[in-house]
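Please read the structure below before turning to the comments.
Each value in this text was obtained by applying a stated rule to the coordinates, not by laboratory testing. The model shown is predicted, which means the values in this text are computed figures rather than measured ones. Heads up, the Cβs are rebuilt from the backbone with ideal geometry, glycines too, and the neighbour counts pull from every protein chain shown.
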Amino acid sequence: MKKIKHFITFCCLLITTYTLSQEQFSNEILNNVKKYGTDVEKSFQITETANFQIDTNNSIILKNGLRSSNYLNPSSWESIKEEVEVKSINIVFSKYPIRKNGYSMNHKLLFNRLKNLFLIDPLLNDSIIDWNIILHTNCKNDIQVDSLFHGIIIEYKNEEILDARQISDLTIPTKTYASRFIETIVAFNDLPKKVLLDIKTRNPIEKTEILIDYFEELLKDTLETEVTSTFLKDHINLINKFIRNYGNINDTIVYNVFDRNRQWKNALIVADWTGSMYQHGAQALLWHTVNFKTSGIEYFTLFNDGDLKSTASKKIGETDGVYFEKADNIDKIIKLYQLIMLKGEGGDGPENDIEGILKGIEKYPMHSEIILIADNNACVRDMDLIKYIDKPVRVIICGFNNLSGINPQYLHIAKETGGSVHTIDLDIHNLQVKLNKKGEINSLIDYDFKIGSPDCYNPKSIYTESKFDNRIYTNLDSLKSAKKRVVNLDLSSQSLEKIPSKIGYLKNLEILDISDNAISELPKQISRLRKLKTLRISGNNFTNNYIDYIKKILPNATIENQ
């Protein structure tokens, strides 16, 4: 029980998903290495490699040493930090020494590296950044290990790539995205020598294209594999290996829910197949394989919110990135998992859950049950489509804890379709909920569950058409180096009498809400906001003549004054 309470506390401290701009690591965590060391380690995506090579394109390298937490070249980042947008931070360690009980990460060293990094730039302590650990594995002795790179790699976005995504759909993963999975996929699969030779000297994008072609070709095979006891045993081991590589074997929520609900027959599984959800979708396949003769799972539909389609080009119901396979084709599903990973994971935060459900229903209309394996920490992009679902949806809530609460959108899906909600311990049928004045779910009757923030109900936080950032910023003074990625700024109801001139630096701003303040005029720099689409000004002290003036200097923006 103590461990459970401690883990819940850690999750709350690490990141509260439904607030806007968040630190990734709080002071409480960073100053308590003994208490939070293991939890922080588990929060990283960890990749092991025997042949690590540094890609200096769109990256800044900060060097430590094998056992040092001090950075030798902090000015390398300080000279560029105001001009770029950080995508990911990779912390490079050696998996050394390996003792009798195996390798144990030096948590004190990890925490000190993080603290010293944030001394260089506090804005790097941001939950929007992808955090990874890379472990060298070719470590035989001190001399060899000392020769390896140890430190931080800060990867940032390339402005030219972002501009290209704005005008066209990107159909192959970026170099940064591809490099996350390639080595693991190569190690996980028994690839033909021809494929191994072909990818040996290629860059990450070329390797990804080759692997996508390889898996797509395999999935064209229409021959059915004979499912024997040996086949099942081998694939149970293979799926467990997959979960170990891409998730946390201690989180068994999906497996537990299926084990409790063996009455589900002829079931269509619809699973979010992005980032942290890989382990959960794989648990459904594991349970199906372990219980193959009696399993009621018949079909799989996997969605990833549009592969790597740009946010601006995503349309509700047509986001795509939805894939299908029959449950008995276990070997194909494992290959499909990896193909979808290579294809992308949506890019922005919200997911196309309802589109996945509807396309699954269309593909497999003969199903009897719909089970949605949902990411509690992601908004649903396409709630407007829920009216087209005509069968109950059983929602398995992954990533739930009592402190952050249940995402109310998933309660809404279960309630509206006559379905149910499932946590690691409970199956909740016949949902009874209370609504606030806005029609949002704010409590679950008869259950002592906290309901998560209603932010996901807010269209502004879900449908912002921007390649940069889905967050709604609310404090102009806190933007600093984030100014290039700010698209949505909400300064409403803050008793403001004026807007500072630095607003003009937000060159990608599309939505500005200054309603319900005491503003009578705007700074002349407002005219620099060439991409502004919507300006909300109601509840201020603007004269009609001044509003006409605003319309002239912002001819491409819609001025909302009601």
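Taking amide H positions as modeled 1.01 Å from N, with prolines and chain starts lacking one, the residues under 5 Å from Ile128 and 5 or more places away or on another chain are Gln22. A cut-off of 5 Å between modelled amide H atoms, ignoring neighbours fewer than 5 places along the same chain, links Val380 with Glu351.
Test of understanding: what is the full-extension gain from Asn436 to Arg99, defined as 0.36 nm times their sequence separation minus their Cα-Cα distance?
Between Asn436 and Arg99, full extension yields 115.7 nm more.
For a modelled paramagnetic label at Phe324, 7 Å from Cα along Cα-to-Cβ, the residues of the range 250-279 in reach, with backbone nitrogen under 16 Å, are 267-271. Length available on full extension from Glu416 to Ile553: 0.36 nm per residue minus the Cα-Cα distance, which gives 44.8 nm. Paramagnetic label reach from Ser76 (point 7 Å along Cα→Cβ; backbone nitrogen cut-off under 18 Å): within the range 140-156, residues 146-156.
Shown in residue order for the range 322-337 are the 3J(HN,Hα) couplings computed by the Karplus curve 6.51 cos²θ - 1.76 cosθ + 1.60 at θ = phi - 60°: 10, 10, 9, 6, 6, 5, 6, 8, 4, 5, 5, 5, 4, 5, 5, 3 Hz (x for Gly and Pro). Residue order for Phe258, Phe300, fewest other beta carbons within 10 angstrom first, comes to Phe258, Phe300. Amide H contacts of Ile370 (H built 1.01 Å from N, in plane; Pro and chain starts excluded): Leu268, Arg394 sit under 5 Å, all sequence-distant by 5 or more or on other chains. Along the range 288-305 the Karplus relation, 6.51 cos²θ - 1.76 cosθ + 1.60 evaluated at θ = phi - 60°, assigns HN-Hα couplings of 4, 6, 4, 10, 4, 6, 10, 4, x, 7, 10, 9, 10, 10, 10, 10, 9, 6 Hz to successive residues, with x for each Gly and Pro. Can you pull a Stokes-Einstein diffusion coefficient for the range 232-456 at 37 °C (0.692 mPa s), Rh from Kirkwood over Cα pairs, as a whole number of µm²/s? D, rounded to a whole number, is 188 µm²/s.
Note on Ala50 and Thr201: the model spin-label points, each 7 Å out from Cα along the C-beta direction, lie 2.2 nm apart. Summary of the geometry: the range 349-365 and the range 100-114, compared by the centres of their Cα atoms, lie 42 Å apart. Which links in Lys359/Lys415; Lys314/Lys363; Lys309/Lys533; Lys157/Lys450; Lys363/Lys437; Lys332/Lys450 stretch past 30 Å when you go from one Cα to the other? Those over the limit are Lys157/Lys450; Lys363/Lys437; Lys332/Lys450.
Computed from phi, the 3J(HN,Hα) profile of the range 87-97 under the Karplus parametrisation 6.51, -1.76, 1.60 (θ = phi - 60°) reads 9, 8, 10, 10, 9, 9, 10, 10, 7, 7, x Hz, with x in place of Gly and Pro. Projecting label points 7 angstrom from Cα along Cα→Cβ for Glu497 and Lys363 puts them 6.0 nm apart. Which FRET efficiency, nearest 0.05, do Glu83 and Ile143 yield, Cβ-Cβ r, R0 41 Å? Once the sixth-power term is evaluated, E becomes 0.55. Gain on full extension, evaluated as 0.36 nm per residue between Asn266 and Asp213 minus their Cα-Cα distance, stands at 15.9 nm. Could you please state, rounded to a whole Å, how far the C-alpha centre of the range 368-395 is from the C-alpha centre of the range 24-57? First find each Cα centre; the distance between them is then 33 Å.
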